[in-house]
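Asks: Sharing a structure with you now.
The values are calculated or read from the model by the stated rules, or taken from the named source; none is laboratory data. These numbers were taken from a predicted model, which means no experiment stands behind them. Here the Cβ is made from the backbone with ideal geometry for all residues, glycine too, and neighbour counts use every protein chain on show.
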Amino acid sequence: MKRYSMLLILMSLSLFAEQKIGYIDSQKVLSEYRGATEIKKRYEQKVAEWKNKAEKIKKDIINLREALQTQNMLLSEEAKLRKVQEIEKKEQEYQQFIQDIWGQNGEAEALNRELMQPLLQEIDTLITGIGKEEGFAIILDASSGALVYAEDELNITDRVVEALNRKFIPEATGRIEYYVLKFKEEDSEAKSRNLGERITNLLDVTIEKTGGFKEIEPQPLGNARSTLGVIKEEDVDVGTANELLRITDGDFIVMGRVWLEGGSIYLEFKLVDKEQQGVVMTEKVEIGVEENLPDRISDKVVGKIVTYYK
């Protein structure tokens, strides 16, 4: 994505002070855009192949050295020299391979550029389209480090991610199966108000009401919990959540924690997806007072989950 200097940004803000300004967090866009996740997997698979090949060459060198050491007393000087030359040749092959793959302008860099260029172009095109259609004078990137403070209303990151992910809408008409693990209460006040269970129940009901979603059946879930030795849901980690999805064949799990800070309720939720085998979304949400729970849960949590899957 495009980057701009601090001087240019300051000049732009001065010129467009009376016009519409927005900003995005490009790192969040890349982490939540499902197309970027797929590209990352393709890149990591190729890197794994390269690493395996490098390890094989390295192992060959070790074997050759050990063979020379073992046979040293039995070999003629001429045979020893051939063995040494063979080792040196293999070492040169290893160094050349490392340079070709991970050196400057190497294959790893070229592959990353090849995979990322169309992706970044797609994101830039979308942001440019939003800018023109909605009359933005300038859209900044918070990840560049130049943006120190801005009102939340100026943040269009979630809209960009939602627009990008629309092409990943599932074509299947069957319901998406989910489960909400009990939220962990981080302090005594949260525990005394039973906020963990209340938030969990609210999430469960609100997700199902949106349509197209169905809670994982109790029996397979109970069997999975028993198999994995899960006693307290609030203590389940991401790895165990992945296993619960694998065993039950569910699609996603919502997990998180809740606490009070300065008299205000806060929660953090994680969305664990079976297909991606890990966390695809992490968000901190300020609830405020208890009366805000239904609205904040619906808007700030369930709304984002539904957008991700639909």
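Asks: Answer yes or no: is there a residue in the stretch 263-285 that is hydroxyl-bearing (Ser, Thr, Tyr), in a strand (DSSP E or B) and out of contact with any Phe, Trp or Tyr (no Cβ under 6 Å at 6 or more places or on another chain).
Replies: Yes, that holds for at least one residue.
Asks: Would you check which residues across the stretch 280-309 are farther than 20 Å from GLY196 by Cα and either in contact with a strand residue (DSSP E or B) (Cβ under 6 Å, 6 or more places away or on another chain) or of a type in the set (Phe, Trp, Tyr) (or both) and list them?
Replies: Across the stretch 280-309, the qualifying residues are VAL280, TYR308, TYR309.
Asks: Shifting gears a bit: Taking into account only those residues within the stretch 240-259 that are within 18 Å of the chain's Cα centre (by Cα) and in a strand (DSSP E or B), which is nearest to GLU275 (Cα to Cα)?
Replies: Filtering the stretch 240-259 for residues that are within 18 Å of the chain's Cα centre (by Cα) and in a strand (DSSP E or B), the one nearest to GLU275 (Cα to Cα) comes out as PHE252.
Asks: Additional query: Regarding VAL238, is this residue surrounded by fewer than 18 Cβ atoms within 10 Å (Cβ to Cβ) and not charged (D, E, K, R)? First the steps, then the outcome.
Replies: Values: surrounded by fewer than 18 Cβ atoms within 10 Å (Cβ to Cβ): yes; not charged (D, E, K, R): yes.
It is true that VAL238 is surrounded by fewer than 18 Cβ atoms within 10 Å (Cβ to Cβ) and not charged (D, E, K, R).
Asks: Moving on to the next point. Of all residues being outside any loop (DSSP other than H, G, I, E, B) and at pLDDT below 70 in the stretch 145-174, which is surrounded by the fewest Cβ atoms within 10 Å (Cβ to Cβ)? Just the residue, please.
Replies: LYS167
Asks: Of the numbered conditions (1) surrounded by 14 or more Cβ atoms within 10 Å (Cβ to Cβ); (2) more than 18 Å from TYR178 (Cβ to Cβ); (3) of a type in the set (Lys, Arg), LYS270 satisfies every one except a single condition; which is it?
Replies: Only one criterion is unmet by LYS270, namely (2).
One line per residue, one yes/no per condition, for (1) in contact with a strand residue (DSSP E or B) (Cβ under 7 Å, 6 or more places away or on another chain); (2) more than 24 Å from ILE287 (Cβ to Cβ); (3) loosely packed, with under 12 Cβ neighbours inside 10 Å:
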{"residue": "LEU195", "(1), (2), (3)": "yes, no, no"}
{"residue": "LYS209", "(1), (2), (3)": "no, no, yes"}
{"residue": "ILE216", "(1), (2), (3)": "yes, yes, no"}
{"residue": "TYR266", "(1), (2), (3)": "yes, no, no"}
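Asks: From LYS59, LYS53, LYS41, grab the single residue that is surrounded by fewer than 16 Cβ atoms within 10 Å (Cβ to Cβ), at pLDDT below 90 and either in contact with a Pro (Cβ under 9 Å, 6 or more places away or on another chain) or not polar (S, T, N, Q) (or both).
Replies: Unique residue meeting the criteria: LYS41.
Asks: Can you spot a residue in the stretch 121-129 that is hydrophobic (A, V, I, L, M, F, W, C), assigned by TED's automatic domain parsing to the domain that holds LYS40, more than 30 Å from VAL47 (Cβ to Cβ) and touching a strand residue (DSSP E or B) at 6+ places or on another chain (Cβ under 8 Å)?
Replies: no
Asks: Of all residues in the stretch 273-310, count the ones that are of a type in the set (Val, Ile, Thr), free of Cβ contacts under 8 Å to residues at least 60 places away in the same chain and buried (at least 17 other Cβ atoms within 10 Å of the Cβ).
Replies: Selection size over the stretch 273-310: 2.
Asks: Which pairs have Cβ atoms under 8 Å, sit 6 or more apart or on different chains, and link a residue in the stretch 52-79 that is assigned by TED's automatic domain parsing to the domain that holds LYS90 to one that is hydroxyl-bearing (Ser, Thr, Tyr) and surrounded by 10 or more Cβ atoms within 10 Å (Cβ to Cβ)?
Replies: So the pair list comes out as ALA54/TYR94; ILE57/TYR94; LYS58/TYR94; ILE61/TYR94.
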